[in-house]
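Asker: Just passing along the structure, written as structure tokens.
The values are calculated or read from the model by the stated rules, or taken from the named source; none is laboratory data. Please read all numbers here as calculations on a predicted model, not as lab measurements. Because the Cβ atoms are built from the backbone with ideal geometry, glycine has one as well, and the counts that use them run over all protein chains shown. Just the protein is used for accessible areas: all its heavy atoms, side chains included, with ligands, DNA and RNA removed. Shrake-Rupley method; radii C 1.70, N 1.55, O 1.52, S 1.80 Å.
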Amino acid sequence: MPEYEVAARAVLRALGIELEIVQQATCCGSPVVESFTADWVYLAAYNLALVEQMGHSTIVTVCGGCTNTLTRAARALQDPDLRAEVNHRLESLGLSVTGRVEVRHLVRLLAEREEKVRARIVHPLSLRVALTNPCQVFRPGDIMGFDDPMEPQSLRRLVELTGAEVVEYGGEDECCGATLYLASPDLALAAGRRKLEAVQEADLLLHGCGNCQLLLRRFQRMIVRDERNLRKPALLLPQLVGLAMGLPEGELGLREGTWR
Amino acid sequence: MNHPDECLQCGTCVTVCPVEMVGGHAIVTFLADPDATDYSVWLCTSCWRCQEACPGGVSIYELMMEQRRREEAPAGYRAAFESVLACGLALQVPQEELDQMRAAWGLEPTRLPPPGLARALLCAEDGDRW
């Protein structure tokens, strides 16, 4: 989903943060690899090792799954025995890992800079927004250590910073359907439909995870088919924040005038 | 799958499960009723809500993952895993296509991981298990 990276970079640049891509990164491993082998942590550790090799102490993620997997792997690597085993396997690649990399999902990165974001808002938005909390960014609470794990507020607060009104529809923590799609496409589309039916008062859907955006935007036509009245535009968090910062649509991965 | 001793069968997990909310039955159905058969550990979305809410402190996520490793995977999961083993990514994309796509969006080039790297990392000690 290149538009997510485009918009995230634009918003972070406005806040004075430049991102560098992790070359040769693999899939983080979750939930797919973890479903087949307890060795998933080796794949996650490889990606953390690449970040350490770059000399960085933080990796920024835009996917809930990567956030969750990499954070749990970093925690697991605090065990010296596991760390030694992992490093033994990484050695042939010329890599090593300490697991001391901070994993920051974009929602958290922005939430931890709320005042900086607020100061950059120059074009408050007059929109009614229905949000979906990224499900893997806040739990398990004792490992993620951020926000209220069962009733997270950070995404709502960020949306409110843009001037947009958050429409409460009761499904903020319900499944978008994306992960369900791997096991049951029918149930996944039913989950997406349940959301679209519940958010009719809103002008648009707002997502903090690329998977939610994938199911509810790219797959939306599979969900609603001919029912045009159920269709909704869907934006990613940095696209909404960027618009409120006055950044041009084209720099946020939005086609001018067509996303509404 | 053994029913965990710490489970109180209180059903809290069922009430917070997003899969149950849309009519599916995930591992929480089995936790609330050990005799249940109409559920699948593959429907879990890895949202961790059940484990967070569990008053008995059951490690539901690990229980679910351990059971997945004992079962035959649905086609979608199997295909994604095979792709990771082959190229390191759950969805395969050729380097040339990735370069063109990123250039079109004005993004810096990204090099894909070497083929076989993920397989080597995951299978180093155990031979070709998969």
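Asker: Count neighbours as other Cβ atoms within 10 Å of each site's Cβ, and list the GluC sites (Glu not before Pro) in the stretch A:97-127 that are DSSP loop with at most 14 such neighbours. Intermediate values should be presented prior to the final figure.
Answerer: Numbers: sites: A:Glu102, A:Glu112, A:Glu114, A:Glu115; in loops: A:Glu112.
Filter output for the stretch A:97-127: A:Glu112.
Asker: Continuing with the same structure: Measuring from a point 7 Å past the Cα of A:Lys116 along Cα-to-C-beta, which residues in the stretch A:1-43 have an amide N at less than 16 Å?
Answerer: A:8-20
Asker: How much length, in nm to one decimal, is gained on full extension between A:Ile21 and A:Ser126, taken as 0.36 nm per residue of separation minus their Cα-Cα distance? Walk me through the numbers on the way to the answer.
Answerer: Numbers: separation 105, 0.36 × 105 = 37.80 nm, distance 3.40 nm.
So the extension gain works out to 34.4 nm.
Asker: Once you average over the residues of B:51-58, how many Cβ atoms of partner chains fall within 10 Å of each Cβ? Can you show the working numbers first?
Answerer: Working: counts 4, 7, 3, 0, 0, 0, 0, 0.
For peptide B:51-58, the averaged partner shielding equals 2.
Asker: Go through the stretch B:5-12 residue by residue and turn each phi into a ³J(HN,Hα) via Karplus (6.51, -1.76, 1.60, θ = phi - 60°); whole Hz please, and just put x for glycine and proline.
Answerer: 4, 6, 6, 8, 6, 7, x, 4
Asker: In sequence order, what are the phi-derived ³J(HN,Hα) couplings for the stretch A:36-41 according to the Karplus relation 6.51 cos²θ - 1.76 cosθ + 1.60 with θ = phi - 60°, rounded to whole Hz, with x for glycine and proline?
Answerer: Those phi angles translate into 10, 8, 5, 7, 3, 5 Hz.
Asker: What are the residues whose amide H is under 5 Å from the amide H of A:Ala234, where those residues sit 5 or more places off or on another chain and H is modelled from the backbone?
Answerer: When sequence neighbours closer than 5 places are left aside, the close amide H contacts are A:Leu205.
Asker: Show me, bin by bin at 5 Å from 0, the whole-percent P(r) of the stretch A:39-159 based on Cα pairs.
Answerer: For the stretch A:39-159, the pair-distance distribution reads 2, 11, 19, 19, 16, 12, 9, 6, 4, 2, 1.
Asker: Starting from the Cα gyration tensor of chain A, multiply each eigenvalue by 5, take the square root, and state the resulting semi-axes largest first in whole Å.
Answerer: Calculated on Cα positions only, the semi-axes equal 32, 22, 16 Å.
Asker: Here's another thing I want to ask about it. Between the stretch A:53-104 and the stretch A:180-231, how far is it from one alpha carbon centroid to the other, in angstrom?
Answerer: Taking the Cα centre of the stretch A:180-231 as reference, the centre of the stretch A:53-104 is 33 Å away.
Asker: Among the GluC sites (Glu not before Pro) within the stretch A:162-260, which fall in a DSSP loop and have no more than 16 other Cβ atoms within 10 Å of their own Cβ?
Answerer: Taking the stretch A:162-260 and a limit of 16 other Cβ atoms within 10 Å, the loop GluC sites (Glu not before Pro) found are A:Glu168, A:Glu201, A:Glu227, A:Glu256.
Asker: Ok, one more. Please give the charge dipole size of the stretch B:75-122, origin at the Cα centre, charges +1 on K and R Cβ atoms and -1 on D and E Cβ atoms. Round to the nearest 20 debye.
Answerer: In debye, rounded to 20, the stretch B:75-122 gives about 200.
Asker: Please list, in chain and number order, the residues 5+ apart from A:Thr132 or on another chain whose amide H is under 5 Å from its amide H, with Hs placed from the backbone.
Answerer: Amide H to amide H, under 5 Å and 5 or more residues apart or across chains, A:Thr132 pairs with A:Leu206, A:Gly208.
Asker: If you don't mind, another one. In nm, give the distance between the simple-model label positions of B:Trp105 and A:Asn229, each being 7 Å from the Cα along the Cα-to-Cβ direction.
Answerer: The answer from the label model is 3.5 nm.
Asker: Give the relative contact order (percent, whole number) for the stretch A:9-165; include only Cα pairs under 8 Å separated by 6+ residues.
Answerer: Result for the stretch A:9-165 is 23 percent.
Asker: Right, next: Would you mind computing the Rg to Rh ratio of the stretch A:142-260 from its alpha-carbon coordinates, Kirkwood style for Rh? Walk me through the numbers on the way to the answer.
Answerer: Numbers: Rg = 14.8 Å, Rh = 15.3 Å.
Rounded to two decimals, Rg/Rh equals 0.97.
Asker: Another question, if that's okay. Just the number please: accessible area per residue for the stretch B:75-122, 1.4 Å probe, all protein chains included, in Å².
Answerer: Using a 1.4 Å probe on heavy atoms only, each residue of the stretch B:75-122 averages 53 Å².
Asker: How many angstrom lie between the C-alpha centres of the stretch B:6-41 and the stretch A:1-22?
Answerer: Centre-to-centre distance over Cα atoms comes out at 40 Å.
Asker: Using a 10 angstrom cutoff on alpha carbons, build the Gaussian network for chain A and name the most mobile of A:Gly250, A:Gly192, A:Gly94.
Answerer: A:Gly94
Asker: Which one of B:Gln92, B:Leu107, B:Ala118 is farthest out on the positive end of the charge dipole of the stretch B:75-122, using unit charges on Cβ (Lys, Arg +1; Asp, Glu -1) and the Cα centre as origin?
Answerer: Most positive-ward Cα: B:Ala118.
Asker: Please give the FRET efficiency for A:Thr58 paired with B:Thr37, using the beta carbon to beta carbon distance and R0 = 35 Å, rounded to the nearest 0.05.
Answerer: Step by step, r from the Cβ atoms, then E = 0.15.
Asker: About its Cα centre, what dipole magnitude does the stretch B:4-70 give when the only charges are +1 on Lys and Arg Cβ and -1 on Asp and Glu Cβ, stated in debye to the nearest 20?
Answerer: Using only the charged Cβ atoms, the result is roughly 260 debye.
Asker: Then there is this: Mind listing the long-range amide H neighbours of A:Val166? Cut-off is under 5 Å, sequence gap 5 or more, other chains count too, H placed in the peptide plane at 1.01 Å from N.
Answerer: A:Val129
Asker: If you don't mind, there's one more thing I want to ask. When the Karplus curve 6.51 cos²θ - 1.76 cosθ + 1.60 is applied with θ = phi - 60°, which whole-Hz ³J(HN,Hα) does each residue of the stretch A:220-237 get, with x for Gly and Pro?
Answerer: 4, 5, 6, 7, 9, 6, 8, 7, 4, 5, 8, 6, 9, x, 9, 10, 8, 3
Asker: Counting other Cβ atoms within 10 Å, keep those with at most 11, restrict to DSSP loop, and tell me which GluC sites (Glu not before Pro) in the stretch B:48-114 are left. Don't jump to the answer; show the numbers that get you there.
Answerer: Numbers: sites: B:Glu52, B:Glu62, B:Glu66, B:Glu71, B:Glu72, B:Glu82, B:Glu96, B:Glu97; in loops: B:Glu71, B:Glu72.
Filter output for the stretch B:48-114: B:Glu72.
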